[in-house]
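Engineer: Take this structure, written in structure tokens, and hold onto it; I'll ask about it next.
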There are 4 protein chains.
Amino acid sequence: MGGAIARNLVAAGHRVSVYNRTPARAEALVQAGARLALTPAEAGRNPVAITMLADDAAVEAIVMGEDGMAAGLAAGGIHVSMSTISVALADRLDSYHRERDQIFVAAPVFGRPEAAAARKLFVTAAGNDAAIAALRPVFDAIGQRLFVIGGRPSQACLVKLAGNFLITCVIESLAEIFALTRKGGVASEIVFDLLTETLFSAPVYKIYGKILLEERFEEVGFALPLGLKDNRLVQQAAEALSVPLPFAAIVRDRFLASIAKGDGDLDWSAFARRATEDAGLDIGPAENGTRSPS
Amino acid sequence: MGGAIARNLVAAGHRVSVYNRTPARAEALVQAGARLALTPAEAGRNPVAITMLADDAAVEAIVMGEDGMAAGLAAGGIHVSMSTISVALADRLDSYHRERDQIFVAAPVFGRPEAAAARKLFVTAAGNDAAIAALRPVFDAIGQRLFVIGGRPSQACLVKLAGNFLITCVIESLAEIFALTRKGGVASEIVFDLLTETLFSAPVYKIYGKILLEERFEEVGFALPLGLKDNRLVQQAAEALSVPLPFAAIVRDRFLASIAKGDGDLDWSAFARRATEDAGLDIGPAENGTRSPS
Amino acid sequence: MGGAIARNLVAAGHRVSVYNRTPARAEALVQAGARLALTPAEAGRNPVAITMLADDAAVEAIVMGEDGMAAGLAAGGIHVSMSTISVALADRLDSYHRERDQIFVAAPVFGRPEAAAARKLFVTAAGNDAAIAALRPVFDAIGQRLFVIGGRPSQACLVKLAGNFLITCVIESLAEIFALTRKGGVASEIVFDLLTETLFSAPVYKIYGKILLEERFEEVGFALPLGLKDNRLVQQAAEALSVPLPFAAIVRDRFLASIAKGDGDLDWSAFARRATEDAGLDIGPAENGTRSPS
Amino acid sequence: MGGAIARNLVAAGHRVSVYNRTPARAEALVQAGARLALTPAEAGRNPVAITMLADDAAVEAIVMGEDGMAAGLAAGGIHVSMSTISVALADRLDSYHRERDQIFVAAPVFGRPEAAAARKLFVTAAGNDAAIAALRPVFDAIGQRLFVIGGRPSQACLVKLAGNFLITCVIESLAEIFALTRKGGVASEIVFDLLTETLFSAPVYKIYGKILLEERFEEVGFALPLGLKDNRLVQQAAEALSVPLPFAAIVRDRFLASIAKGDGDLDWSAFARRATEDAGLDIGPAENGTRSPS
């Protein structure tokens, strides 16, 4: 993901330094015209520093660690966090950068890796207005559209987590009705066509409906444990705001049962197999594969 | 709904007899060119007899009752049930008509009343292939598209109930994320735009998202108790097929709490108020209105 | 169950007529001193007529059918329904008997078959006060204690269904914590001892905790499909009263998944296997037995 | 809680040093014969050091902080954690003390403050066998019974969290059936008597059933936010072990809605008000009191 974004920035003519804990992974980008930064601090010595990392811990380590990115970033510099991090960490980063006269913008993106490569990401940004305006050329280089969410950076994280949660609701609800209609003798393809050509004609139903239909769970666009992580983050945010989310609770249990049953290395949409299985239907070969239960 | 469909049939040049338990309600149709049938049996004396009624009990009474529609229908005649009835009743009607050498086709429709008036319904038909083929001109006169579901009439009912259930999943999931993001200080309009212009760009999100945003629950497109009824029917079908539907259970409780709290005369989407309320948010004036709890 | 009750009535010196659709089943009772009734109406020709039947349909057929029990019962006679029937049927029976100047008392019992044999049932009665008082010697002959629930017979059915529902909550909650602690390496016996010797020292935890510990699901005290039926009845009553029951919804899905996975001929407590299985734990040999999924 | 335990230790003739961040709170104990420790390290200079603190953060600060308890504890000394801490922290404390050649025993207790004062606590201990044996006189001085859970200290925390979770299942299930039967016109006192004198005759039903009946939520035995915290801890433990807990998810949402609606300063059992409220029943004056929603 980070690689595709950086490549698009280079292609758009931006001057890009790139840091990766495994420098070999940055090689292709360097070939493409990026400069290699040897430390996060070095990568931070730019007007804008973007992070796209696996989880909260990685962001903390890279930004706030010794010789971290914030140490390199000048006063007035902007740190843009593009990965899905927790609302709490976004709030902490905001304070952290403020104390250093730096600016923090959260700009998580929607889209699977193919979309990133094709500059088709949707960017959701929150934070300082002027900073977001200044970042326009950056966002234009990597995505098809920018949505400005609000003035507090963590709001973009909240919306991103809400969006990912909404995707899981689509997956679970499709899994339930496919199980129901399949047991009633209706071909799932017919149900899929009916839905996606009428009221439910959105990419989310087409993409995930197709994956469910074809049981294409071995092709990992987003790993199942990361799906669980995002579910945990949305529930943590919901707890901090005192908002019950009953659908999120159902999905959480689906993720946990999936990991317990050895589906942890499949695509996150594979939690759909639980609804299938609970209906007494065959869930296909993946479960009986080489995966061993955790 | 039935009125709009009959009007479109008349307009398309079909010869239409119309029966309504309250004859005055048929008057406009008679003005438009339909013939008034004084009993269900009389309405049945046609090659094709269509029912569009409130619930299972009404269908049973009209079709199988004394002087009922089936008594008028000739051998080889087709009964088309267009309202949302239970899978079990559809199976019983199929047997009932078979015993009389009649043909039963279930053809429930998707679409709110405006769509019916505009010939924009989606028709989902199941039953005898030749009968469905023969009904083409009828379906063309009332809807924009026909989906053939399968050979057993009740399969169309199952799919219709599954579709309605999927709509309630959209409503609940939207209600949850609107509550979450609203408590996080994000304007729901922004969340709505982001969703409906990206991954979730389907009519179902646009229509219901808008209703939720504008709290337009007093405008009853489909009454809340009918929503509960359809939830009950999908769960009955699921029980008969041994299929757990955890999302349907959540929605059921939302409907029950809505009726318990006096929201029973609002639009079915008003169960979304429960997620809002559970988050400690103000649910607007409707609740404090004149409605008294059941 | 009915047999054990009748035997205790005979033993207590009551004059007992007995009707069973399969007369051979009544033989042992006749040996013990009961008189054989050849029709329900004949069984009804007594001051008090007791029904203990499998489900609503059986009660309807025996009581209200042609030559049914109510046809034999004199004005002023009392019909006591001791099986677990629906609230709606109890209300209908109440009207039905009233129209015939008969009295209806619902008196469902708590206790497994062993308790019935040992006169250790708990009787919960609702209906006309004087009738319940008159029935005292009957209740004393079959149970250890009478609880008077209220003046409307169906209230006893509601409480009975609520009680059965509460038992399922105990089973599910025990199944969840056994799965959790077992995966944490704690022997379930230790957890069982701790609970049942402290805050949770009630028969319900001892009885069902033991069954879960020993996976004694093949020994059917109460068949799983009857458990699902009672869950359906409590949810129907809850729907009529507009009361959401989230725990009942969870249990319902457990029952459905159990039937879907071929556990339908086990004891009702076997739905506990679902929590075990969802945790990725081995659920023992029963599942891999000869049962085929429905 | 800590005070009552310390008092019982003094009364049993043990030599007790006591540390409290607010020294004035230790005064009564000093009067009773305890010695005042001015730092956690000083309190640690004993063969056995007991912690009974509000949450994980407090335990971390007191034990592992600068001049913390572990710094005072000699090699071979035993740290006994009696409050409800997370499984993860117990595992970390175990390693931490091991590295210092110290011994860590987790020994959380079951019982409300009255039980602590009356030496009626139930102690659940896990860890090194010899250490638990050596601690016998300590446990005897404060509780009525010891349950040894296993060899890994965190196992006692897991069981304690499971036990607290089981209590919440009792509260929720009682709340649901009280709502149901109350709407059916049955006095809750009758339901309470029936349950607690038959299958459900355990302290947990008597204690919480009584609180629910009398709506005695203002009397805070255990604060609602602490109940939510324990729910979070049990779910974290469940996530680490990949165990879905659907009942815990329902309870979590009850806690969140309770805080959202301004019930956060009531007893933890007050989440029962949500089932009452969702049934459209009046939940009494507490909600309309002076509490303001969070």
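Engineer: Where the label is 7 Å out from Cα toward Cβ, how close does residue B:31 come to the same position in every other copy, in nm, shortest first?
Structural biologist: From this label point to the equivalent ones elsewhere in the assembly: 7.7, 8.0, 9.1 nm.
Engineer: Add -39500 (n - 2.57) for each DSSP H run of 4 or more in the protein assembly as shown, then divide by its residues: what number comes out at 222 nm, to the nearest 500 deg cm²/dmol?
Structural biologist: Working: 57 runs with 624 residues, N = 1176.
That calculation yields -16000 deg cm²/dmol at 222 nm.
Engineer: Sort shortest first the distances from residue C:99 to its counterpart in every other copy, using label points 7 Å along the Cα-to-beta-carbon line, and give them in nm.
Structural biologist: For residue C:99, the inter-copy label distances come out at 2.4, 8.0, 8.1 nm.
Engineer: Any idea what the dipole of segment C:102-247 comes to, in debye rounded to 20, about its Cα centre with Lys/Arg Cβ at +1 and Asp/Glu Cβ at -1? All intermediate terms of the calculation are to be shown ahead of the outcome.
Structural biologist: Numbers: 14 positive and 14 negative charges, 79 e Å.
In debye, rounded to 20, segment C:102-247 gives about 380.
Engineer: Would you work out if the protein assembly as shown is rounded, prolate or oblate? Take a ≥ b ≥ c from the square roots of the eigenvalues of the alpha-carbon gyration tensor; rounded if a/c is under 1.5, else prolate when a/b is larger than b/c, oblate otherwise.
Structural biologist: Oblate.
Engineer: Now a separate question. What does the convex hull of the alpha-carbon atoms of segment C:153-210 project to on average, in nm²?
Structural biologist: 4.1 nm²
Engineer: Then there's this: Whole number please: convex hull volume per residue, Cα atoms of segment A:193-281, in Å³. Can you show the working numbers first?
Structural biologist: On the way: hull volume 10.6 nm³, N = 89.
For segment A:193-281, the hull spanned by Cα atoms encloses 119 Å³ per residue.
Engineer: In addition: Residue C:45 to residue B:226: FRET efficiency via 1/(1 + (r/R0)^6), r the Cβ-Cβ distance, R0 35 Å, to the nearest 0.05? The partial results should precede the final answer.
Structural biologist: Details: r = 47 Å, r/R0 = 1.35.
Plugging the Cβ-Cβ distance into 1/(1 + (r/R0)^6) gives 0.15.
Engineer: Could you give the length gained on full extension between residue B:32 and residue B:101, defined as 0.36 nm per residue of separation minus the Cα-Cα distance, in nm? Present the calculation step by step, with values, prior to reporting the outcome.
Structural biologist: Values: separation 69, 0.36 × 69 = 24.84 nm, distance 3.28 nm.
Working it through step by step, the gained length comes to 21.6 nm.
Engineer: Restricting to DSSP loop positions (anything but H, G, I, E, B) with no more than 15 other Cβ atoms inside 10 Å of their own Cβ, which trypsin sites (Lys or Arg not before Pro) remain in segment D:17-92?
Structural biologist: Working: sites: D:21, D:25, D:35, D:45, D:92; in loops: D:21, D:45.
For trypsin sites (Lys or Arg not before Pro) across segment D:17-92 that sit outside H, G, I, E and B with at most 15 neighbouring Cβ atoms in 10 Å, the list reads D:21.
Engineer: In terms of modelled amide H atoms, which long-range or inter-chain residues lie less than 5 Å from the amide H of residue D:222?
Structural biologist: HN-HN under 5 Å from residue D:222: D:268.
Engineer: Also: Ranked by Cβ crowding within 10 angstrom, fewest neighbours first, how are D:210, C:120 ordered? Mind showing how you got there, number by number?
Structural biologist: On the way: D:210 12, C:120 15.
Listed from fewest to most nearby Cβ atoms, that is D:210, C:120.
Engineer: May I have the pair-distance distribution P(r) for segment B:1-49, computed from all Cα-Cα distances with 5 Å bins from 0 and rounded to whole percent?
Structural biologist: 5, 24, 35, 27, 9, 0
Engineer: Quantify how strongly other chains surround peptide C:164-172 by giving the mean number of their Cβ atoms within 10 Å of each of its Cβ atoms. Each step should come with its number before you reach the end.
Structural biologist: Working: counts 0, 4, 10, 3, 1, 8, 6, 0, 5.
Mean shielding count: 4.
Engineer: Kindly write out, for segment B:35-40 in residue order, the coupling ³J(HN,Hα) from the Karplus curve 6.51 cos²θ - 1.76 cosθ + 1.60 (θ = phi - 60°), rounded to whole Hz, with x marking Gly and Pro.
Structural biologist: Running phi through 6.51 cos²θ - 1.76 cosθ + 1.60 with θ = phi - 60° gives 9, 7, 9, 8, 9, x Hz.
Engineer: Answer with one residue from D:14, D:220, D:41: the one whose Cα lies farthest towards the positive end of the charge dipole of chain D, charges on Cβ with Lys, Arg +1 and Asp, Glu -1.
Structural biologist: About the Cα centre, the residue reaching furthest to the positive side is D:14.
Engineer: Among D:282, B:230, A:263, C:265, rank each residue by its count of other Cβ atoms within 10 Å, from fewest to most, as a rough exposure measure.
Structural biologist: Fewest-to-most Cβ neighbours within 10 Å comes out as D:282, C:265, B:230, A:263.
Engineer: Using the alpha-carbon atoms, what tilt in degrees (0 to 90, nearest 10) does helix C:87-99 show relative to the longest principal axis of chain C?
Structural biologist: For helix C:87-99, the angle is close to 0 degrees.
Engineer: Across every pair of different alpha-carbon atoms, what Kirkwood hydrodynamic radius in Å does segment A:50-115 reach?
Structural biologist: Values: mean 1/r = 0.0828 Å⁻¹.
Its Kirkwood hydrodynamic radius stands at 12.1 Å.
Engineer: Based on the Cα gyration tensor of chain B, what are the three equivalent ellipsoid semi-axes, each the root of five times an eigenvalue, rounded to whole Å and given largest first?
Structural biologist: Numbers: eigenvalues 273, 78, 70 Å².
Over the Cα atoms of chain B, the semi-axes work out to 37, 20, 19 Å.
Engineer: Helix B:203-214: angle to the longest alpha-carbon principal axis of chain B, degrees 0 to 90, nearest 10?
Structural biologist: On a 0 to 90 degree scale, this one is about 50.
Engineer: To continue, here is another question. Please determine, in degrees from 0 to 90 and to the nearest 10, the orientation of helix C:224-240 with respect to the longest principal axis defined by the Cα atoms of chain C, where the helix direction is its Cα long axis.
Structural biologist: 70 degrees
Engineer: Considering amide H positions built from the backbone, and no H for Pro or chain starts, which residues 5 or more places from residue C:279, or on another chain, come under 5 Å of its amide H?
Structural biologist: none
Engineer: How large is ³J(HN,Hα) for each residue in segment D:124-136, as worked out from phi by the Karplus curve 6.51 cos²θ - 1.76 cosθ + 1.60 (θ = phi - 60°), to whole Hz, x for Gly and Pro?
Structural biologist: Each residue's phi maps through the Karplus curve to give 10, 10, 9, x, 4, 4, 5, 5, 4, 4, 5, 7, 2 Hz.
Engineer: On alpha-carbon atoms, Rg over Rh for segment D:36-177 using Kirkwood Rh? Walk me through the numbers on the way to the answer.
Structural biologist: Details: Rg = 15.4 Å, Rh = 15.4 Å.
For segment D:36-177, the value is 1.00.
Engineer: Residue by residue through A:200-213, how many Cβ atoms from other chains fall within 10 Å of the Cβ on average? Show your work: numbers first, answer last.
Structural biologist: Details: counts 9, 4, 11, 5, 7, 5, 2, 1, 1, 0, 0, 0, 0, 0.
Mean inter-chain Cβ contacts per residue within 10 Å come to 3.
Engineer: Please list, ordered by chain and number, the residues whose modelled amide H lies under 5 Å from the amide H of residue B:149; skip anything fewer than 5 residues away on the same chain.
Structural biologist: Here the answer is B:125, B:126, since their amide H atoms fall under 5 Å of that of residue B:149.
Engineer: With loop defined by DSSP as not H, G, I, E or B, and exposure as at most 13 other Cβ atoms within 10 Å, which is the longest segment of chain A clear of exposed GluC sites (Glu not before Pro)? Please list the in-between numbers first.
Structural biologist: Numbers: sites that count: A:66, A:197, A:218, A:219.
The answer is A:67-196.
Engineer: Work out, in µm²/s and without decimals, the Stokes-Einstein translational diffusion coefficient of segment C:1-90 at 20 °C, 1.002 mPa s, Rh from Kirkwood over C-alpha pairs.
Structural biologist: Approximately 163 µm²/s, per Stokes-Einstein.
Engineer: What is the order of D:158, B:135, fewest Cβ neighbours within 10 Å to most? Write out the running numbers ahead of the final one.
Structural biologist: Working: D:158 33, B:135 22.
Fewest to most other Cβ atoms nearby, the residues stand as B:135, D:158.
Engineer: Compute the projected area of the convex hull of the Cα atoms of segment C:231-284, averaged over all viewing directions, and report it in nm² to one decimal place.
Structural biologist: Details: hull surface 16.1 nm².
Orientation-averaged projected area of the Cα hull: 4.0 nm².
Engineer: About the Cα centre of segment A:1-123, what is the dipole size in debye to 20, counting +1 per Lys and Arg Cβ and -1 per Asp and Glu Cβ, all else neutral? Don't skip to the answer; put the middle values down first.
Structural biologist: Working: 12 positive and 12 negative charges, 115 e Å.
The calculated dipole for segment A:1-123 is roughly 560 debye.
Engineer: Treating cross-link reach as a plain straight distance, find the lysines whose alpha-carbon is under 18 Å from the alpha-carbon of residue C:183, omitting any fewer than eight places away in the same chain.
Structural biologist: Counting by Cα, and skipping residues close in sequence, residue C:183 has these lysines nearby: A:261, D:160.
Engineer: Turning to a different aspect of this structure: So if I place +1 on the C-beta of Lys and Arg and -1 on the C-beta of Asp and Glu, and nothing else carries charge, what would the dipole magnitude of segment A:84-181 be about its Cα centre? I want it in debye, nearest 20. Could you put the intermediate results ahead of the total?
Structural biologist: On the way: 10 positive and 9 negative charges, 47 e Å.
That gives segment A:84-181 a dipole magnitude of about 220 debye.
Engineer: With chain B treated as a Gaussian network of Cα nodes joined by springs under 10 Å, which of B:272, B:75, B:156 yields the largest mean-square fluctuation?
Structural biologist: Result for chain B, Cα springs under 10 Å: B:75 fluctuates most.
Engineer: If you don't mind, another one. If contacts are Cα pairs under 8 angstrom and at least 6 residues apart, what is the relative contact order of chain C in percent?
Structural biologist: On the way: 474 pairs, mean separation 37.9, N = 294.
Relative contact order of chain C: 13 percent.
Engineer: Another one. Roughly speaking, what is the centre-to-centre gap between segment D:78-100 and segment A:12-83 when only Cα atoms are used, to the nearest Å?
Structural biologist: Segment D:78-100 and segment A:12-83 have Cα centres spaced 38 Å from each other.
Engineer: List, in order, the whole-Hz ³J(HN,Hα) value for each residue of segment B:177-188 obtained from phi through the Karplus relation with A = 6.51, B = -1.76, C = 1.60 and θ = phi - 60°; use x for Gly and Pro.
Structural biologist: Computed from phi, the couplings for segment B:177-188 are 6, 5, 4, 5, 6, 5, 5, x, x, 9, 5, 4 Hz.
Engineer: While we're looking at this one, here's another question. Quick one: net charge around residue C:77, please, counting Lys, Arg +1 and Asp, Glu -1 for every other residue with C-beta under 11 Å from its C-beta.
Structural biologist: Details: positive: C:45, C:100; negative: C:101.
Around residue C:77, the charge tally is +1.
Engineer: Next question, about the same structure. Looking at segment A:140-249 from every direction and averaging, what is the projected area of its Cα convex hull in nm²?
Structural biologist: 9.1 nm²
Throughout, read-outs are computed from the coordinates displayed, never taken from laboratory work. Given the structure is predicted, the values throughout are model-derived calculations rather than measurements. Neighbour counts run over all protein chains shown; Cβ positions are idealised from the backbone, glycine included.
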